[in-house]
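The values are calculated or read from the model by the stated rules, or taken from the named source; none is laboratory data. Owing to the predicted nature of the structure, the values given are computational and were not obtained by experimental measurement. With ideal geometry, Cβ positions are generated from the backbone for all residues, glycine too; neighbour counts draw on all protein chains shown.
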Amino acid sequence: MKIIIVGAGYVGLVSSACFAELGHSVDIIDVDEDKIKIINSGKSPIFEKDLDELLAKHIHKNLNTITNYEKIAYADIIFVCIGTPPCHDGKADLSMIENASKSIGKALHNNNKYQVIAIKSTVPPGSTENLITQKVLECSVKNPINIGFVMNPEFLREGMAITDFINPDRIVIGCQDEKAAYVAESAYQGIDAPIFRTNIRTAEMIKYVSNAFLATKISFSNEIGNICKKMNIDVYDVMQGVGMDHRIGMQFLNAGAGFGGSCFPKDIAALICLAEDLYENPILLKSVSMVNKQQPLRIVELLEKRIGDLQGKRISILGLAFKANTDDIRESQSIPLIFDLMRKGADVVAYDPKAMDMMRNLIPSIQYCENLEEALEMSDACVIMTEWDEFKQLNKEFDVMKSKVIIEGRKILSIDDAEGICW
Ligand code: UGA
């Protein structure tokens, strides 16, 4: 199939590379020429496991880049992978997707070719029909009977995105008509996964609810962990016993510093706004977010309990990325932790194998260390905030600390003298 991907962000890039791997002819559109140059050199502008290899394998063969919308006229299906970042009030900002919809509409030729526009961006229910479809049709001269619309949410995890694309639990296709669904499903031929067909609004909601439910599991585990800690019970043992009930499952029950990233916090905030616009008070969703906001601050309380006043104390933060195997620091729980430590006058030093440049742009005023040893040297306490492999075996390395106070925000160490945030 001839596939066009609009947007070379994280979802667009991964989808392009994977659709190329499935044998399709893929063109990826982005207005950012610097990004396009990097992709053209067979490299990924973002750090994502196996993506460089896949791009290098397909670039200038069945994967090409473009900076304008002209080729849209010849595509079988156009996947829209434009970001929907949060506005100040938490609502999803749909301005970029609105502009992209207009550009797509203008680029469609008035021929008899049936073409499908598939939305992968996370958008509030109603947006595909009320905004995207309308803008495309308004700007297009093509006969509307030759344009199909599909909502096809993505469930890719950063750091695991290629694996998730190739081995999904399900493919959700929200559509108005059989023909559009058939075209969208054909793009996934070769992938062995159940297809869940539904209407467009439901597909839009499935994406928000999936993320909100996963985030709820995490905040639930964290709240239980906070209670367990006071009773000297290990929440990891509790959750293992609980998760063995197949109705509950083991996944996303890892208590710790809480969730970050570009998706969970944003999608929960958008869902809360959506509910409030409908005069609902989503108390559970608000609590999920509240537990998550408080969780990193508990580390500061724990540090104060262990080493007293933090003024002038050297605190080492190991891990800045919101999770391992990415350089992404968006909504990382290390950020509120660092700000709170700075407010208390602590001397913050940090180390992360991949995310230091990103954090340096956001918080330039702390010390960034070249390696673990430098970060730990003479420190009064250290906090593990990301579950990087290279932190898992740490043991003797802690001997260079002034006092061996080790707090785990992620449960990864196998030494006795570490204290968990909620275990
Ligand atoms: C999440 C979803 O898992 C994907 O299915 C979805 O497609 C994606 O958002 C998205 O909407 O684009 P992602 O944000 O990449 O993926 O990362 P996750 O692996 O889900 O982790 C999110 C956060 O939860 C991380 O900060 C992680 O440390 C934390 N987490 C995860 C926990 O604190 N405990 C757990 O048990 C699991």
Note on Ile338: of the conditions (1) out of contact with any Leu (no Cβ under 8 Å at 6 or more places or on another chain); (2) of a type outside the set (Asp, Glu); (3) over 16 Å from Ile407 (Cβ atoms), unmet is (3)
The lone condition Val383 fails out of (1) within 16 Å of the ligand (Cβ to nearest atom); (2) of a type in the set (A, V, I, L, M); (3) in contact with a Phe, Trp or Tyr (Cβ under 9 Å, 6 or more places away or on another chain); (4) not in a helix (DSSP H, G or I) is (3)
Over segment 388-423, the set of residues among the aromatic types (Phe, Trp, Tyr) and either in contact (Cβ under 8 Å) with a residue 60 or more places away in the chain or assigned to a loop (DSSP other than H, G, I, E, B) (or both) is Trp388, Phe391, Trp423
Residue pairs qualifying under the 6 Å Cβ cut-off, at least six apart or on distinct chains, with the first in segment 109-129 being on the phi < 0 side of the Ramachandran plot and without any contact (Cβ under 8 Å) to a residue 60 or more places away in the chain and the second being of a type in the set (Val, Ile, Thr) and assigned to a loop (DSSP other than H, G, I, E, B), are Asn110/Val141
Screening Gly225, Gly256, Gly159 for residues that are within 16 Å of the ligand (Cβ to nearest atom), at pLDDT below 95 and surrounded by 14 or more Cβ atoms within 10 Å (Cβ to Cβ) leaves only Gly159
Those residues of segment 310-360 which are over 20 Å from Leu372 (Cα atoms) and either part of a loop (DSSP other than H, G, I, E, B) or more than 16 Å from the ligand (Cβ to nearest atom) (or both) amount to Leu310, Gln311, Gly312, Arg330, Glu331, Phe339, Asp340, Met342, Arg343, Lys344, Gly345
Residue pairs within 9 Å by beta carbon, gap of at least six or interchain, first lying in segment 242-261 and over 16 Å from Gly225 (Cβ atoms), second polar (S, T, N, Q) and within 11 Å of the ligand (Cβ to nearest atom), listed first then second, are Gly260/Asn292; Gly260/Ser332; Gly260/Gln333; Gly260/Ser334; Gly261/Thr326; Gly261/Ser332
Exercise. Determine whether segment 289-301 contains at least one residue that is near the ligand (Cβ under 10 Å from one of its atoms) and touching a residue at least 12 places away in the same chain (Cβ under 8 Å).
Key: yes
Of the residues in segment 142-156 that are under 20 Å from Thr202 (Cα atoms) and not acidic (Asp, Glu), the one that is farthest from the ligand (Cβ to nearest atom) is Gly148
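With the requirement that a residue be among the β-branched types (Val, Ile, Thr) and surrounded by 23 or more Cβ atoms within 10 Å (Cβ to Cβ), what does segment 273-317 give you? Give the steps one after another, and end with the answer.
To start, the set of residues in segment 273-317 that are among the β-branched types (Val, Ile, Thr) comprises 283, 288, 291, 299-300, 307, 315, 317.
Matches in segment 273-317: Val288, Ile299, Ile315, Ile317.
Being among the acidic types (Asp, Glu) and touching a strand residue (DSSP E or B) at 6+ places or on another chain (Cβ under 9 Å) is the filter here; which residues of segment 309-356 pass it?
Matches in segment 309-356: Asp347, Asp352.
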Within segment 236-253, residues part of a helix (DSSP H, G or I) and either of a type in the set (Asp, Glu) or away from the ligand (no atom under 11 Å from the Cβ) (or both) come out as Asp237, Val238, Gln240, Gly241, Val242
